[in-house]
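Following: one structure in structure tokens, then a few remarks.
Where a number appears in this text, it was derived from the coordinates with a stated rule and is not lab data. Bear in mind that the values here come from a model prediction, so they are computed numbers and not experimental data. Backbone-built Cβ (ideal geometry, glycine too); neighbour counts: all protein chains shown.
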Amino acid sequence: MNILLTGFEPFGGEAINPSWEVARALDGELLGQGRVHARRLPTSFAQAPQALRAALAELRPGLVIALGQATGRAEVSIERVAINLIDARIADNLGQRPLDQPVREDGPAAFFSTLPVQSMRDGLRAAGHPAGLSLTAGAFVCNQVFYELQHALQGQAVRSGFVHLPALPQQAAAQPSSPPSMALSGQIAALRLAVVLAQSGDSASPAGGGEGSPIA
Ligand code: PCA
């Protein structure tokens, strides 16, 4: 089985993005039932969905976890819901700042993650990795990619979802407010385990969002 792990290029004037550093560190690893394939997505509303769809078509993955950076979060943040809204707080890497638009004109208001989000959180915490569930991936490029991912795979027995990562220590140190951070080695270890945890457990959320059956 192919496992697709995506990360984003740096954005917002920063030189590094932990999401891509984590994805590329795990590229090629055999984890659980599959092999990780890392792909870097542009932090661009115009380009990211196309790059995501190209990776899905190329790899036909059995599991997809998209990663992004969320400065200010203190834990590995497992997203539960993608919303049909783009409302950019800052410009993307092509200078675009769309406001109050749907991701897809014809799409539903939201999609749930089909990852086993609770058992991923519990397994990460039991192994000593700070982790939690989040009810919003924001309204920037990460949420757009999460929404497009769930839209592309709806009705398929492929688990998919999104995980936001804290800033790296050097990113936090460069900001006057010193937001929370997590070392890259800790982020990599947490995601290595998260990829394994995502392959077992029950993916059906109480609100109904998953296929419900573990990956064989
Ligand atoms: N984080 C941004 C986009 C790219 C990234 O890593 C977000 O949370 O939308």
Given the criteria surrounded by 23 or more Cβ atoms within 10 Å (Cβ to Cβ), touching a residue at least 40 places away in the same chain (Cβ under 8 Å) and at negative phi, does THR136 qualify? no
Could you say whether any residue in region 70-87 is of a type in the set (Asp, Glu), more than 14 Å from the ligand (Cβ to nearest atom) and farther than 28 Å from VAL196 by Cβ? no
Output the residue which, of all residues in region 107-145 that are among the polar types (S, T, N, Q) and part of a loop (DSSP other than H, G, I, E, B), is farthest from ARG73 (Cα to Cα). THR114
Single residue of ARG53, ARG89, ARG73 found to be under 23 Å from ALA109 (Cβ atoms), assigned to a loop (DSSP other than H, G, I, E, B) and not hydroxyl-bearing (Ser, Thr, Tyr): ARG89
So which residues in region 12-44 are outside any loop (DSSP other than H, G, I, E, B), under 16 Å from ALA167 (Cα atoms) and more than 10 Å from the ligand (Cβ to nearest atom)? GLU21, VAL22, ALA23
Scanning region 1-11 for residues that are closer than 15 Å to LEU149 by Cα and away from the ligand (no atom under 14 Å from the Cβ), which turns out farthest from the chain's Cα centre (by Cα)? ILE3
Within the set of pairs 6+ apart or on separate chains, which have a first residue in region 120-132 that is basic (Lys, Arg), a second that is surrounded by fewer than 19 Cβ atoms within 10 Å (Cβ to Cβ) and not in a loop (DSSP other than H, G, I, E, B), and C-beta atoms under 6 Å apart? ARG121/LEU133
Consider only pairs whose beta carbons are under 6 Å apart and that are at least six residues apart or on different chains; among these, list those whose first residue lies in region 157-177 and is at negative phi and whose second residue is among the acidic types (Asp, Glu). ALA157/GLU211; PHE162/GLU79
